[in-house]
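Derivation of every value follows stated rules applied to the coordinates shown; laboratory data play no part. Quick caveat: nothing in here was measured; it's all calculated off a predicted structure. In this analysis, Cβ positions are derived from the backbone assuming ideal geometry, glycine residues included, and neighbour counts consider all displayed protein chains.
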Amino acid sequence: MLYNSAQQKALFEQSKNLLQEGVSDNKTKAEQQLEQLCEAIIYHEWRYYVLDQPVLSDYEYDCLFQMLKDIESAYPDLISADSPTQRVSTDLTEDFPTVEHLTPTLSLENSYNQDDLADFDKRIRKLLNLGDGPELPYCVEPKFDGGTIVLLYENDKLVRGATRGNGVMGDEITANIKAINSIPLHAAFSKYGIAKVELRGEALIRKDLFEKVNSQRLKNGEQLFANPRNAATGGLRVKDPKQVKERALDAFVYQVGYAVDADGNSVLTKFETHNDLIRMLEVLGFKVPKLEEEMAVCPNIGKVADFCANWQDSRDSYSYEIDGMVVKLNNLALQDKLGYTSHHPRWAIAYKFAAKQATTKLLNVEYQVGRTGAVTPVAKLDPIELAGVTISSVSLHNADLIRDKDIRIGDTVLVERAGDVIPYIVKAMEELRDGNETPIVFPTHCPVCESELERPEGEAVWRCVSPACEAQILERLKHFVSKDAMDIDGFGSAYIDKFYQEGLLKNIADIYRLDFDKIEKFEGFGKRSVEKLKKAIEASKQNPIYRLIYALGIRYVGETNSKIFAAAVENVKDLKNWSLEQLMMLREIGPKVAQALFDTFALPDTLELILELEALGVNTNRLDSELPKAEGSGVLSGKTFLFTGTLTEMTRDEAEGMVEEHGGKILSGVSKNLNYLVAGEKAGSKLEKAQKLGIPVLTEAEFLEMLI
Ligand code: IVH
C-alpha cells in the first residue's frame, strides 16, 4: 500500500508513542496496541525494504517488533496470520529468477546489553538441562552490515549464488557473486568428504573503498550511495556484473548451513565446533573472521560480554561497517539439540550496538561566529541518544547546505553519528511535514556585532568582517589558550568570558598582562586558583614556537602545518620575510595554506603582536626539539644541509629532495644548527657566514659522494 504524507506522519507519531508507552498490562489496551504495532511495523518495513529510506533507527524498529512479540506471546489468541511476526522479512525482487535455499536463512534474535546476554545463556542452559553445570563456550564474531549472500558449491565448484530473499527463497545472482574476488570459484571441499555445501555470508564494501567509489561517482555525475551497506546490497542486484567490480564488493563467509557427502549424508557431524567449520573455510581460501582479532572462542558468557564491549568501543576503527556482534554456541551437537524457532536459531543471538541513526525534531537554528568571522548555523534539536551520546545540537555548516537539503525549522530530521564523525543531519523527512515548518532564513547581519555579513567569492560561508566583533575576539582568545595552541592549563572559556567582561582582557597580549590582584577578588576565584593560572600562563612563555604559530589562529594552519613552519625558521618573526613562493616550496605546504600564512604576516598587526608577546617574555625562537627528527637509517640521518649559489649538477629542488630521501633535513639559513653548507658557483653571504662559524662547506661533488 502507498501512504500519503498525513498517514505517514500519523504512523510515525504512533510509533514514537508506542515506544514511549511500552507494553500495557491491561488486555484491552494491549489488544489496541497490538493493532497499532502491526500497522506501524508494516509501514516501517515498507520504508526500509521497499523505499530503502527508514525513518526509525534499527533499534527503535527492533523494540516495536519485540513489543508485538511480547503481546502475542501473552495472548496467543490475538495472533493473526498476517502479523509481521508470522513471516521472515523479504528482499525478493522481480529482476532475477528465484531459487530455494537448501536450508532456510533465518534471522537472529537481538540483545543489547550484558543482562540480555546473561538471559540468553540462562535460557540455553535450561533448555539443555545444564543447571549450574559446566560453562558453555561461545564463538563471537562481527555482525557484518552488508547484504546477505547464500553460496552453493557442488563437487568443489561454485554453482549458485543467491540473496537471502525471504529466508526460504532468494534471488539468483550467480553472475554477480562470481564477480566478487574474495569468493573462490573453486574450493576443495572434497578433501573433507563434502560433495555439496551451502554457505552464508555477507557482501560488503570496505569503508575506505566506499569513499573512493563515491568520489568516482561524484566525478561521473552519478548519484552517491548513502552508506556502504546500500552500495553493497544494491551491488548484489546490478544488471551488469562489471558494476560489481566498480563497487569493489568483498565478502565474508560466516556460516555453513548444510554439507553432505556424495551419498547425501550430513558431514556436519564430523566437525565438533562452529570454529572448526570456519577454520576449514579459511584453509579453503574463503575470507572469514580471523581468529582472535575478529572472532573469539570464549569459555563463558561473561567473556563474550567483554569481547562485545571491546568491539563496541573499537568498531569505528574497523575496516568494515558492522552493527553488532553475533554470539554462537560453539558446540555443533548442542546447536543441533537446541534447534530453531520459526524466526531464529535458539543457539545464536545478535548483540546490537547502540544506534547510529535516529530521527528527532529540529527546534531552532542559532548562529555562531567563529574566530575568523565565519557565521555557522547550528541546529538545536530535541535531544536524542545516538551511539551512547546525547545530541542536542548539530552544525548545519552553511547556507548552501540548508538550501540543498531543504531543511526547515519544525522538521523531523534524520541524524547520524558515524565513527569519529561529528553528528550531522542526513536529511529532513519531507513526508512528515504538516505545513507548520518554517524556512531557515540566514541572517544578513552579524548576530553579535550587527555589522553586515559578507560572502567572499567562491566561498560557501558568510563572514563578519568587523575587526571589532566581540565574538571573534573572544573566539581568538579561547583558541590562543587552548590545549593544542599555547596550552594554558585551566584557562577555560568561562575565564576568558569573565576577564573580557571585567575589561582585563581586550586582546591576546593582555593574557600576559593580567592583573591577578584584581582577579583574586572576583567571586569564585581564590588565591590557589589564581596561583595555578599564573603558573600556567608563565609556563606557556617557554612553549616551542609551533604552538605560537598555531595559536595565531591562521586559517588552514593546523598543528601539523605549524610544525612545518616552525622547523623552517629560527624565529617566528622570520615568517614575515618569506615570499609566497618560498612558503610554497616547503614540503607539504599547499598554496592555500601558504597564502593564508602570507596574508596574515603581511598585516602589520601580526608582527606587532609577536613583538609585544616577545617583550612580555613569550619565546619566539625555535627550540632545537622543533627541528624535525631524523628518520630511519638514511646515510644523512640526523644531518642538516643548506644549498647556496648556482648548482650545476642538479637543481635546488632535486638536491633538497636527495637530502630528505636519505634521512637528512634542509635548513632555511646558516646557523649553528647547520651541519653542512653545499656551495655552488657564485656563493655569497651564506658561504661567508658558514666559514665564520666554522661549518663544513662541501662542493656539489663532495655532497654527491656522501650519498654513495
Ligand atoms: S549467523 C542461522 N553471523 O545478520 C544464523 N549472521 O539477523 C545465521 N549477519 O541478515 C546468521 N554477520 O546475514 C551470522 N557473523 C554473522 C553475521 C550474520 C551478519 C547477518 C545475517 C542476517 C542477519 C541476522
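Overview of values
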quantity	calculated
Table column - 3J(HN,Hα) (Hz), the stretch 424-435, Karplus curve with 6.51, -1.76, 1.60, x for Gly and Pro	8, 8, 6, 6, 8, 8, 4, 5, 9, 6, 10, x
Two-site FRET efficiency, Ser24 against Ser107, from Cβ-Cβ distance with R₀ of 45 Å, rounded to 0.05	0.95
Gain in span if fully extended, Ala309 to Tyr512, counting 0.36 nm per residue against the direct Cα distance	68.4 nm
The stretch 379-528: radius of gyration over Cα atoms, expressed as a fraction of 2.2 N^0.38 Å	1.36
For the chain, calculated [θ]222 nm from helices alone, where every DSSP H run of n ≥ 4 adds -39500 (n - 2.57)	-10500 deg cm²/dmol
Stokes-Einstein D (µm²/s) once Rh is taken as the Kirkwood radius of the stretch 1-160 over alpha-carbon pairs, at 20 °C in 1.002 mPa s	113
Distance cut-off 17 Å, percentage of C-alpha pairs in the stretch 522-573 lying past it	50
The stretch 307-437 - Kirkwood radius from inverse mean 1/r over Cα pairs (Å)	17.7
Cα Rg, Dmax, the stretch 191-232, angstrom units	16.6, 51
Calculated FRET value between Glu222 and Asn300, using beta carbons and R₀ = 41 Å, to 0.05	0.25
Summed residue charge, Cβ within 15 Å of Glu654's Cβ, Lys/Arg positive, Asp/Glu negative	-4
Cysteines without a disulfide-compatible neighbour (Cβ-Cβ under 4.7 Å), the chain	Cys38, Cys63, Cys139, Cys298, Cys308
Coordinate range along principal axes, alpha carbons of the chain, Å, largest first	94, 67, 55
Stretch gain in nm, segment Ala539-Ala460, where the contour uses 0.36 nm per residue and the Cα spacing is subtracted	24.5 nm
Radius of gyration, Dmax [the stretch 452-543; alpha carbons; angstrom]	15.5, 51
Directionally averaged shadow of the stretch 565-648, computed from the convex hull of its alpha-carbon atoms, nm²	7.4
For Val283, net neighbour charge (Lys/Arg +1, Asp/Glu -1) across residues whose Cβ lies under 14 Å away	+1
Net length gained if the chain between Asn571 and Gln66 were fully extended (0.36 nm per residue, minus Cα distance)	175.2 nm
Percentage, to the nearest whole number, of Cα pairs in the stretch 622-708 over 21 Å apart	25
Inter-site label distance for Lys527 and Glu100 at 7 Å from Cα along Cβ, in nm	9.0
Cβ-derived FRET efficiency at R0 60 Å, Asn436 paired with Asn155, nearest 0.05	0.40
Long-range Cα-Cα pairs in the stretch 314-362 (distance over 13 Å), rounded percent	69
DSSP-assigned coil residues among GluC sites (Glu not before Pro) in the stretch 428-487, each with at most 12 further Cβ atoms within 10 Å	Glu450, Glu457, Glu459
Alpha carbon convex hull of the stretch 216-320, volume per residue in cubic angstrom	162
Highest average packing first - 297-306, 14-23, Cβ atoms within 10 Å	297-306, 14-23
Cα Rg, Dmax (largest Cα-Cα span) when computed across the stretch 77-176, Å	18.2, 53
Spin-label zone in the stretch 327-350 - amide nitrogen under 16 Å from a point set 7 Å from the Cα of Glu272 along the C-beta vector	330-335
Two-site label geometry, Leu607 and Ser190: point separation in nm, points 7 Å out along Cα→Cβ	8.4
Net charge over other residues, Cβ less than 12 angstrom from the Cβ of Leu34 (K, R count +1; D, E count -1)	-3
